[in-house]
Amino acid sequence: MYVNDTTGNSKPAYQSDLCARIIPCLDVANGRVVKGTNFKQLLDMGDPVELAKMYELQGADELVFLDIKASVDGQQSALDMVNQVARHLSIPFAVGGGIKSLEDVHKFFHAGADKVTLNTMAVEQPELINQIANQYGSQSIVVAVDVNQEDDGSLAIYTHGGSQRATVNYHQWLAELVDRGAGEVLLTAMHKDGTGSGFDTQLLAQFGAEFPVQVIASGGANGPEDFLAAIEAGADAVLAAGIFHRGEYTVGQIKSYLIKHNIKIRNPGC
């Protein structure tokens, strides 16, 4: 499908006037970056501060740090890590995990984070989305939606680091979090996570047609063509972890591929 832009030229309907963003994700457990498959079988991938510095040099637009054990173990969020990252990083970064109140949000921002990410607490205390949006603006909050395609083909929302199925309806929950003021949705297809089978483009296309907020695609990246497919399906940003942590591709290599396929990006990196 094609639409006319302000100059009268046609362009693909998926192609936003904003630059597509490439976002490495650093899942943190006990102060270390980890990666698994379908949120399980976690392997150590390195130090979060050192990896953050490397990804900035490669041309990452933003970073996301998720303390995936915080909501399971009741651990306090690692504010010391946020402080360290903020001192070494000049690109925006979001942090999530273990946020339970507006006071926790304030601590993250005071430590140097640019955005906060909610998942479990967004489901358990959805009014927290309103509070953050009202206090800091919608641009400061990303709601992470971990969705799994169940054996019967239905879509189910999971919380607590992917360990507990929530009772909320997938489509109703997306509509609600948008209404409450979420600025972005980090949409992770758990059934794709760590599999290298590509992003769930059908899910992304459906989201883009229904909800007027930025969507970050997550779960399933294997190569540059997967990033392209996600953007063409409607993703405003694409997030990945394993292929970057394992050194299979750099952010710069992904961006070079996208540029060759006429995707507008910034900061090509190296």
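The values are calculated or read from the model by the stated rules, or taken from the named source; none is laboratory data. Just so we're clear, the structure is a prediction, and the values are computed from it rather than from any experiment. Every residue, glycine as well, gets a Cβ built from its backbone with ideal geometry; the counts of neighbours run over all protein chains shown. Side chains included, ligands, DNA and RNA excluded: accessible areas come from the protein's heavy atoms. Shrake-Rupley method; radii C 1.70, N 1.55, O 1.52, S 1.80 Å.
Looking only at region 189-203, filter to residues that are under 12 Å from ALA235 (Cα atoms) and of a type outside the set (A, V, I, L, M, F, W, C); which one of those is most open to solvent (accessible area, probe 1.4 Å)?
Within region 189-203, the match that is most open to solvent (accessible area, probe 1.4 Å) is GLN202.
Take ASN148 and decide whether it is under 15 Å from GLU176 (Cβ atoms), surrounded by 21 or more Cβ atoms within 10 Å (Cβ to Cβ) and at pLDDT below 95.
no
I'd like to verify a number: residues in region 233-259 that are in a helix (DSSP H, G or I), at pLDDT 95 or above, in contact with a helix residue (DSSP H, G or I) (Cβ under 9 Å, 6 or more places away or on another chain) and open to solvent by 10 Å² or more (accessible area, probe 1.4 Å), how many?
Residues flagged as in a helix (DSSP H, G or I), at pLDDT 95 or above, in contact with a helix residue (DSSP H, G or I) (Cβ under 9 Å, 6 or more places away or on another chain) and open to solvent by 10 Å² or more (accessible area, probe 1.4 Å) within region 233-259 amount to 3.
In this structure, is ASN262 out of contact with any Phe, Trp or Tyr (no Cβ under 7 Å at 6 or more places or on another chain), on the phi > 0 side of the Ramachandran plot and assigned to a loop (DSSP other than H, G, I, E, B)? Before you say what the answer is, go through the steps one by one.
Values: out of contact with any Phe, Trp or Tyr (no Cβ under 7 Å at 6 or more places or on another chain): yes; on the phi > 0 side of the Ramachandran plot: yes; assigned to a loop (DSSP other than H, G, I, E, B): yes.
So ASN262 passes the test.
Look through region 204-230, keep the residues that are under 13 Å from ARG21 (Cα atoms) and in contact with a helix residue (DSSP H, G or I) (Cβ under 7 Å, 6 or more places away or on another chain), and return whichever of them is surrounded by the fewest Cβ atoms within 10 Å (Cβ to Cβ).
LEU228
Please state which of the following conditions GLN172 fails to meet, knowing it meets all the rest: (1) over 11 Å from THR120 (Cα atoms); (2) crowded, with 16+ Cβ neighbours inside 10 Å.
Among (1) over 11 Å from THR120 (Cα atoms); (2) crowded, with 16+ Cβ neighbours inside 10 Å, the lone unmet condition for GLN172 is (2).
Criterion first (open to solvent by 10 Å² or more (accessible area, probe 1.4 Å) and under 23 Å from ALA209 (Cα atoms)) does GLU103 satisfy it?
no
Which numbered condition in (1) part of a loop (DSSP other than H, G, I, E, B); (2) touching a helix residue (DSSP H, G or I) at 6+ places or on another chain (Cβ under 8 Å); (3) not small (Gly, Ala, Ser) is the only one that LYS192 fails?
Exception for LYS192: condition (2).
Being farther than 24 Å from ALA221 by Cα and touching a residue at least 12 places away in the same chain (Cβ under 8 Å) is the filter; apply it to region 175-188 and report the residue that is surrounded by the fewest Cβ atoms within 10 Å (Cβ to Cβ).
Looking at the filtered set, the residue picked out is ALA175.
Report, ordered by the first and then the second residue, all pairs with beta carbons closer than 8 Å, sequence separation of six or more or different chains, a first member in region 135-161 that is in contact (Cβ under 8 Å) with a residue 12 or more places away in the chain, and a second member that is assigned to a loop (DSSP other than H, G, I, E, B) and β-branched (Val, Ile, Thr).
Qualifying pairs under 8 Å: GLY161/ILE68.
Hey, could you check region 71-93 for residues that are among the hydroxyl-bearing types (Ser, Thr, Tyr) and in a loop (DSSP other than H, G, I, E, B) and say which is modelled with the highest pLDDT? Reasoning before the result, please.
To start, the set of residues in region 71-93 that are among the hydroxyl-bearing types (Ser, Thr, Tyr) comprises 71, 77, 90.
Still in the running and in a loop (DSSP other than H, G, I, E, B): 77, 90.
Values: SER77: 48, SER90: 94.
It comes out as SER90.
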